[in-house]
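The values are calculated or read from the model by the stated rules, or taken from the named source; none is laboratory data. Small disclaimer: the values here were computed from a predicted structure and weren't measured. All Cβ positions, even for glycine, are placed from backbone atoms using ideal geometry, and neighbour counts span all protein chains on display.
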Amino acid sequence: MRTITDFSPLYRSFIGAEHLASLMDKASRAEKQPAYPPYNIESIADDKYRISMAVAGFVESELDIESKDGSLIITGTKQTEEADANRKFLYQGIAERNFERKFQLADHVKVVSAHMENGLLHIDLEREIPEALKPRKIAINGKSLLEGKTN
């Protein structure tokens with residue numbers, strides 16, 4: 001049973017944070033994603049991240065990575081071949097099915113690179129905060145906070 005939480009009291013404290021409300025609404029009613037393929041998300045350094053996804057059996061040409069509207073979408077489409085149709089498996093434990101995995105990216109997070117190594121797809125991400133959004137000192141009466149100080 002899912003309980004619905006009312007976050008509206010929090011919204012009154014944040015000016016211009018309407019996008020947070022929509023993100024929370026999306027997360028609360030997000031469709032359940034399948035567990036395939038498994039993945040890790042790790043923090044490499046400050047503002048640098050990596051998604052590692054196990055894509056055994058896929059080659060680079062069968063994978064598609066797209067970043068749009070604050071989402072990262074990774075799609076794997078397995079090409080069926082005539083030779084595969086004639087194979088008879090006694091046991092098939094390696095999943096070779098198509099998939100689509102979506103990740104919601106935070107503001108100012110961009111995809112830097114992607115590469116495959118040992119059956120893992122690695123996608124490197126970085127958060128770049130624009131200069132206009134970084135903290136800055138505000139002048140009072142036309143003077144900088146640091147200018148008026150004398151020892």
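Observations on the model:
- ALA132 vs. criteria touching a residue at least 12 places away in the same chain (Cβ under 8 Å) and either over 18 Å from SER61 (Cα atoms) or small (Gly, Ala, Ser) (or both): no
- Of all residues making up segment 109-125, the number that are surrounded by 13 or more Cβ atoms within 10 Å (Cβ to Cβ) and either at pLDDT 90 or above or outside any strand (DSSP E or B) (or both): 10
- Residue count for segment 61-115 satisfying the condition of being among the β-branched types (Val, Ile, Thr) and within 11 Å of the chain's Cα centre (by Cα): 4.
- Residue check, GLY70 modelled with pLDDT under 90 and over 17 Å from VAL112 (Cβ atoms): no
- Residues of segment 44-70 classified as part of a strand (DSSP E or B), within 25 Å of LYS134 (Cβ to Cβ) and in contact (Cβ under 8 Å) with a residue 24 or more places away in the chain, total: 5
- Within segment 126-151, restricting attention to residues that are under 28 Å from the mean Cα position of the chain (by Cα) and part of a loop (DSSP other than H, G, I, E, B), the residue that is modelled with the highest pLDDT is GLU128.
- Segment 80-101, subset surrounded by 10 or more Cβ atoms within 10 Å (Cβ to Cβ) and assigned to a loop (DSSP other than H, G, I, E, B), residue modelled with the highest pLDDT: ASN98
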